[in-house]
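**Q** Sharing a structure with you now.
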Amino acid sequence: MTKFSDLNLSDKVLKAVAETGYDTPTPIQVGAIVPALEGRDVLGIAQTGTGKTAAFTLPMITLLGRGRARARMPRSLVLAPTRELAAQVAANFDAYAKYTKLSKALLIGGTSFKDQDKLIDKGVDVLIATPGRLLDHLERGKLILTDVKVMVVDEADRMLDMGFIPDIEEIFKRTPFTRQTLFFSATMAPEIERITNTFLSNPAKIEVARAATTNTNIKQGVVMFKGSSKPKEPAEKRDLLRQLIVAEGDACTNAIIFCNRKSDVDIVSKSLNKHGFNAAPIHGDLDQSHRTRTLEQFRDNELKILVASDVAARGLDIPAVTHVFNFDVPSHAEDYVHRIGRTGRAGRKGTAIMICTSRDEKNFADVESLVNEQIPRLDSPMGKAAPAAAAAATDDAPKTERPKRTRTRRKPAADDKPAADTAQQAAAQQQQEQPKDEAPREAKPRRERAPRQQTPREDTPREAAPQQQRNDNQRDNNQRDNNRGRGGRGNNNNNRHNDNKVVGLGDDTPAFIALSFADRAKV
DNA sequence: AAAAAAC
């Protein structure tokens with residue numbers, strides 16, 4: 001088997017890698033490092049958690065090993081979509097470059113220009129940035145990209161989602177075309193394809209299987225939920241969430257809870273705290289220092305529950321997150337994969353539980369169709385005792401979430417069926433909808449990923465034996481529920497920790513990533 | 001319908 005030491009990386013890099021305790025590169029690392037060291041462009045199609053970050057930082061550090069940066073002319077550039085991701089890349093860089101003299105600067109918004117300017121003036125070997133802040137620096141004329149030898153674009157598909165592609169193009173245009181480009185994306189949407197055709201030259205193409213959904217380390221489940229009434233639903237949903245957390249018992253040592261809206265992130269976080277959970281929110285409206293601090297506490301295990309918007313869905317690497325709860329079904333199915341990918345990292349076990357309301361059913365169907373598997377239905381821990389639970393939920397409700405408007409649009413009676421029925425309807429409906437996957441519904445992107453969904457499970461038509469599957473799931477659920485009584489998760493629970501052999505140099509899994517930002521901030 | 005990112 002290929003080792004890092006077989007890869008022509010510099011001794012200094014190898015030494016730093018060895019100290020992280022890893023010796024075997026992941027497929028994306030092997031695939032990217034070899035051509036990158038030969039000076040070739042690289043197009044990596046891979047999710048986070050596959051070891052992407054090391055796949056570009058290791059060869060970069062090796063390539064930059066000789067030579068020195070001139071003032072205001074960085075020798076390399078890494079672009080990441082969010083500030084947290086950029087900070088994470090910077091932390092990786094620090095760890096792997098510790099035996100080199102390479103300098104770096106992290107250019108992200110929400111922080112002062114002054115320190116960044118100072119570093120740039122001194123000259124940096126590696127610039128790690130979010131596009132907005134980088135362009136800002138460029139427009140102020142303090143930064144010149146004409147000496148960039150290596151440029152990395154990370155999470156390009158997310159950049160696309162966030163409307164950064166014009167910015168990326170602009171930045172590309174300011175770098176010399178002789179540069180080497182390492183480009184990473186989870187998908188190849190047409191727009192991404194266009195960019196790579198324009199700015200990469202004869203790239204080595206590396207594609208690795210989707211990380212999260214095929215990741216059997218992650219145990220998934222969904223609870224179908226309907227409130228006893230429209231106005232009560234939000235509080236009851238939070239109650240359900242609490243019960244789901246409690247039901248996981250000691251197996252849940254820490255968790256990320258994803259909500260679709262920033263407002264709900266705040267509400268859920270407050271509510272959890274009110275009920276004695278150790279939770280804190282993170283989303284884009286909170287100022288950067290707050291975000292950084294919260295993330296740091298979560299990494300340091302001072303914070304048990306991180307309530308997050310999708311700012312934390314992709315790429316963020318916190319080792320050993322045991323649970324992901326989706327308070328809402330993500331409206332982009334793709335995000336589901338990213339969210340649950342925050343757990344079960346680097347060979348560890350993980351659990352991902354989602355709450356699906358009737359309004360989410362369409363999105364849920366999209367999720368199942370994307371991951372191409374049926375997510376096991378879990379019985380609600382509130383069960384038939386819903387009224388009692390609802391009553392208990394009344395002491396909830398932090399002030400901020402009192403419904404402001406009293407628009408009580410009564411829904412048709414059909415909606416008042418018990419949740420179980422709704423769940424079955426959802427399942428049935430979703431099965432009906434399956435075949436339409438072939439329908440020529442507008443020639444828009446989104447589907448671009450279909451051809452390269454190279455998972456080994458073939459195109460088994462799911463409607464082939466739906467009833468059978470449903471029964472199986474039902475049985476599984478019951479079993480699972482029984483096990484819950486003793487606070488366990490079944491037999492494999494015993495091995496839970498023994499089994500957790502950590503494998504592969506996943507994105508940032510090495511121990512240093514668990515260090516606080518303060519600790520890493522040296523240099 | 002919402003999230004992210006520049007001031």
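**Q** Anything in the stretch A:324-342 that is over 11 Å from A:Phe258 (Cβ atoms) and outside any helix (DSSP H, G or I)? List them, or say none.
**A** Correct list: A:Ser331, A:His332, A:Gly341.
**Q** Okay, moving on. Out of curiosity, is A:Arg194 assigned by TED's automatic domain parsing to the domain that holds A:Asp157, at pLDDT below 95 and of a type in the set (D, E, K, R)?
**A** Spelling it out, A:Arg194 is indeed assigned by TED's automatic domain parsing to the domain that holds A:Asp157, at pLDDT below 95 and of a type in the set (D, E, K, R).
**Q** Related question: May I ask you to list the residues in the stretch A:329-354 that are out of contact with any Pro (no Cβ under 8 Å at 6 or more places or on another chain), buried (at least 24 other Cβ atoms within 10 Å of the Cβ) and of a type outside the set (A, V, I, L, M)?
**A** Correct list: A:Pro330, A:His338, A:Gly341, A:Arg342, A:Thr343, A:Gly344.
**Q** If A:Ser229 satisfies all but one of (1) more than 16 Å from DNA strand B (Cβ to nearest atom); (2) in contact with a strand residue (DSSP E or B) (Cβ under 7 Å, 6 or more places away or on another chain); (3) without any contact (Cβ under 8 Å) to a residue 60 or more places away in the chain, what's the number of the condition it fails?
**A** (2)
**Q** Could you list, in sequence order, the residues of the stretch A:296-321 that are within 12 Å of DNA strand B (Cβ to nearest atom), assigned to a helix (DSSP H, G or I) and either at positive phi or in contact with a Ser or Thr (Cβ under 7 Å, 6 or more places away or on another chain) (or both)? So that I can check it myself, show each step before the final result.
**A** Within the stretch A:296-321, the first condition is being within 12 Å of DNA strand B (Cβ to nearest atom), and the residues that meet it are A:307-316.
Now narrow it down to the ones that are assigned to a helix (DSSP H, G or I): A:310-312.
Scanning the stretch A:296-321 gives a single hit, A:Val311.
**Q** Name the residues in the stretch A:322-347 that are within 11 Å of DNA strand B (Cβ to nearest atom) and within 14 Å of A:Val265 (Cα to Cα), would you?
**A** A:Asp328, A:Val329, A:Pro330
**Q** So A:Ser76 fits all but one of (1) in contact (Cβ under 8 Å) with a residue 40 or more places away in the chain; (2) within 16 Å of DNA strand B (Cβ to nearest atom); (3) under 20 Å from A:Ile168 (Cα atoms); what number is the exception?
**A** Answer for A:Ser76: the failing condition is (2).
**Q** With within 16 Å of DNA strand B (Cβ to nearest atom) and polar (S, T, N, Q) as the only criterion, which of A:Asn254, A:Asn273, A:Asn260 stands out?
**A** Exactly one residue qualifies, and that residue is A:Asn260.
**Q** Anything in the stretch A:244-296 that is buried (at least 17 other Cβ atoms within 10 Å of the Cβ) and of a type in the set (S, T, N, Q)? List them, or say none.
**A** Listed by number, the residues that qualify are A:Asn254, A:Asn260, A:Ser269, A:Ser271, A:Thr292, A:Thr294.
**Q** Still on this model: Take residues that are closer than 12 Å to A:Leu79 by Cβ and within 13 Å of DNA strand B (Cβ to nearest atom) and tell me which of the helices (runs of 4 or more DSSP H) falling wholly in the stretch A:106-161 contain 3 or more.
**A** A:131-139
**Q** Here are some residues: A:Glu19, A:Glu38. Which one is assigned by TED's automatic domain parsing to the domain that holds A:Thr178 and closer than 22 Å to A:Ile128 by Cβ?
**A** A:Glu19
**Q** Would you check if there is a residue in the stretch A:170-185 being within 15 Å of DNA strand B (Cβ to nearest atom), within 23 Å of A:Gly67 (Cβ to Cβ) and surrounded by 21 or more Cβ atoms within 10 Å (Cβ to Cβ)?
**A** yes
**Q** Also, quick follow-up: Just to be sure before I move on: is A:Leu316 closer than 21 Å to A:Ile340 by Cβ and touching a strand residue (DSSP E or B) at 6+ places or on another chain (Cβ under 8 Å) in the structure I sent?
**A** No; evaluated as a whole, the condition is false for this residue.
**Q** Testing A:Pro319 on (1) under 30 Å from A:Asp23 (Cα atoms); (2) crowded, with 22+ Cβ neighbours inside 10 Å; (3) in contact with a helix residue (DSSP H, G or I) (Cβ under 7 Å, 6 or more places away or on another chain), one condition comes back false. Which one is that?
**A** (2)
**Q** Based on what the data block shows, is A:Phe172 modelled with pLDDT of 95 or more, in the same structural domain as A:Thr53 (by TED's automatic domain parsing) and part of a strand (DSSP E or B)? Break it down into steps so the answer makes sense when it comes.
**A** On the way: modelled with pLDDT of 95 or more: yes; in the same structural domain as A:Thr53 (by TED's automatic domain parsing): yes; part of a strand (DSSP E or B): no.
Considered against the rule, which asks whether it is modelled with pLDDT of 95 or more, in the same structural domain as A:Thr53 (by TED's automatic domain parsing) and part of a strand (DSSP E or B), A:Phe172 comes out as no.
**Q** Quick one: which of A:Val42, A:Val17, A:Val30, A:Val34 is in contact with a strand residue (DSSP E or B) (Cβ under 9 Å, 6 or more places away or on another chain) and more than 29 Å from A:Thr146 (Cα to Cα)?
**A** A:Val30
**Q** Name, by its number, the condition in (1) without any contact (Cβ under 8 Å) to a residue 12 or more places away in the chain; (2) away from DNA strand B (no atom under 16 Å from the Cβ); (3) in a helix (DSSP H, G or I) that does not hold for A:Arg293.
**A** Unmet for A:Arg293, out of (1) without any contact (Cβ under 8 Å) to a residue 12 or more places away in the chain; (2) away from DNA strand B (no atom under 16 Å from the Cβ); (3) in a helix (DSSP H, G or I): (2).
**Q** Could you tell me how many of the residues in the stretch A:197-227 are at pLDDT below 90 and part of a loop (DSSP other than H, G, I, E, B)?
**A** Of the residues in that region, 10 qualify.
The values are calculated or read from the model by the stated rules, or taken from the named source; none is laboratory data. Not measured: the values here are computed from a predicted model. Here Cβ is always computed from backbone atoms with ideal geometry, including for glycine, and neighbour counts include all displayed protein chains.
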